[in-house]
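The values are calculated or read from the model by the stated rules, or taken from the named source; none is laboratory data. Owing to the predicted nature of the structure, the values given are computational and were not obtained by experimental measurement. All Cβ positions, even for glycine, are placed from backbone atoms using ideal geometry, and neighbour counts span all protein chains on display. For the accessible areas, the whole protein counts, side chains as well, though only heavy atoms, and no ligand, DNA or RNA atoms are used. Shrake-Rupley method; radii C 1.70, N 1.55, O 1.52, S 1.80 Å.
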Amino acid sequence: MDQMLIAAQALATGLVASWLTLGVRDNILHPSVNETYTAEVMEMTRMKADYPEAFAHVAHRAVTNRALQQLAFRAVVGAELIATLVLWAGVIGLIMALVGMAEAETGRIIAMAGTMVFTAVWAGFLIVGNHFCYWFCHEGAQNTHYQMTLWGVATMILLAL
């Protein structure tokens, strides 16, 4: 059973790492795809257009400075990249434990650290998105952020076993 648990932990961590690897790849190779929507949320563009009366109450929260928007996006991509690298290191550590080349606890610690950063990124989107009232017009993004946060929490629980 111990080997199956380590295998499950390696698989779960590898799946999270794979998903985030693709996201980081796209954010590095095609930054305008996500950066545009990050700026739109920070500017509260859709809320201003679709809910002008509600926007009037929170308009002071909007960030229209492009340099600040781009800096925020780059910081997120940096955190995603760190999470990706640590997640893969955890996967390698867990696989090494499966074949008797390392202690399982070491792999779990590294995988947990990567999963914590992964979860923090997505929970951070929920928190910052809440500040910018993104539930008004970015429900799809909010749903994705919830799902990724839950996936991260579930993986952390599995790693804690």
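Each 5 Å bin from 0 upward holds the following percent of the Cα-Cα pairs of region 49-98: 5, 16, 12, 12, 12, 11, 9, 7, 7, 5, 4, 1.
Could you tell me which residue out of ALA89, TRP151, GLY78 lies farthest along the dipole of the chain toward its positive end? Charges go on the beta carbon: Lys and Arg +1, Asp and Glu -1, centred on the Cα centre. Result: GLY78.
Using helices alone, I'd like the mean residue ellipticity at 222 nm for the chain: each DSSP H run of four-plus residues gives -39500 (n - 2.57), total over residue count, nearest 500.
Helices in the chain give a 222 nm mean residue ellipticity of -29000 deg cm²/dmol.
Can you send over the carbon and sulfur percentage of the accessible area for region 20-161, probe radius 1.4 Å, protein chains only? For region 20-161, the apolar C and S fraction of the accessible surface comes to 68 percent.
For region 28-103 versus region 1-22, the inter-centroid distance based on Cα atoms is 23 Å. Rounded to the nearest 20 debye, the dipole size of the chain about its Cα centre is 240 debye, using +1 on the Cβ of Lys and Arg and -1 on the Cβ of Asp and Glu.
Shape summary of region 21-80, radius of gyration then Dmax from alpha carbon positions: 13.2, 40 Å. Per residue, the accessible area of region 1-93 comes to 58 Å², computed with a 1.4 Å probe over protein heavy atoms only.
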